[in-house]
Every structure is written in structure tokens, then in C-alpha cells.
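J.: Below is a structure I'd like to ask you about.
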Amino acid sequence: MALHFVFRGSAGHGSHDGHHRQDQSRYCPPPCELAERVDDIANRLDRSKNCIVKQALVAWLDQEEERNRLTREALTDVDAGSVIDHQAVQAWADSLSTDIPLSVPR
């Protein structure tokens, strides 16, 4: 059984006015190597390909949401002036391979 993806929704990230365009469905076959990897995992775990793809998608979405949260948190710190000087971080990193490493900069 072949694995196929059909994407619905905007072809890009939206128009310049912030609204998303709805395009017709378009067929996008996955690379053969990716489909084979999904097949291998599905067979090894005795799960459906659909289940494997769903689990991978959920994990990726969770990862992207966490990355976005951490980025927003970091930007808030920058806006508040809560940053560590690059030179202090570099000196600390360089000291890790010495006999007496510096304490973590704060």
C-alpha cells in the first residue's frame, strides 16, 4: 500500500494583509525514502502507517509549540534587559576544559 499525502489550505504563509488563501487540494507524494521508513517502523511496531504518521505529526507539533514558547520567553527576557553578555558566556564555555572552570554566568 502506497503512502500519499494530500494537503489542503494555503499554498503559502498567507497574503500580505494577513489573511490566508484557500487553494484547492494538491497531491504531494512523499519521498520514497520517507515512505519506506514509515513502512519499516509500522511493520516493526505492528501499527498502521496512519498511526505512525499521526504520532510523528503530534510529536512535531508539540516540539514546534515548545520551540515557539521558548522563543517568546527569550524575546521577553531580551526586551526586559535580562541577557548575559556574549563574552561572559564565551569565557565560561572556554573554562569548561580547564582544571578550574568558571561558574555559570548570570
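J.: Assuming Pro105 fulfils every condition listed in (1) assigned to a helix (DSSP H, G or I); (2) without any contact (Cβ under 8 Å) to a residue 24 or more places away in the chain apart from one, which condition is it?
T.: (1)
J.: Same structure, new question: Condition first: under 30 Å from Val38 (Cα atoms) and among the basic types (Lys, Arg). Now tell me which residues in the range 57-106 satisfy that.
T.: Of everything in the range 57-106, those that are under 30 Å from Val38 (Cα atoms) and among the basic types (Lys, Arg) turn out to be Arg67, Arg69.
J.: Please work out if Ala91 is of a type in the set (A, V, I, L, M), part of a helix (DSSP H, G or I), surrounded by 10 or more Cβ atoms within 10 Å (Cβ to Cβ) and in contact with a Leu (Cβ under 9 Å, 6 or more places away or on another chain). Spell out the reasoning first.
T.: Numbers: of a type in the set (A, V, I, L, M): yes; part of a helix (DSSP H, G or I): yes; surrounded by 10 or more Cβ atoms within 10 Å (Cβ to Cβ): yes; in contact with a Leu (Cβ under 9 Å, 6 or more places away or on another chain): yes.
For Ala91, the condition - of a type in the set (A, V, I, L, M), part of a helix (DSSP H, G or I), surrounded by 10 or more Cβ atoms within 10 Å (Cβ to Cβ) and in contact with a Leu (Cβ under 9 Å, 6 or more places away or on another chain) - is met.
J.: In the range 30-77, which residues are surrounded by 10 or more Cβ atoms within 10 Å (Cβ to Cβ) and part of a loop (DSSP other than H, G, I, E, B)?
T.: Pro30, Arg47, Ser48
Bear in mind that the values in this text are calculations on the coordinates, not laboratory data. Since this is a predicted model, take the numbers as computed values, not measurements. Heads up, the Cβs are rebuilt from the backbone with ideal geometry, glycines too, and the neighbour counts pull from every protein chain shown.
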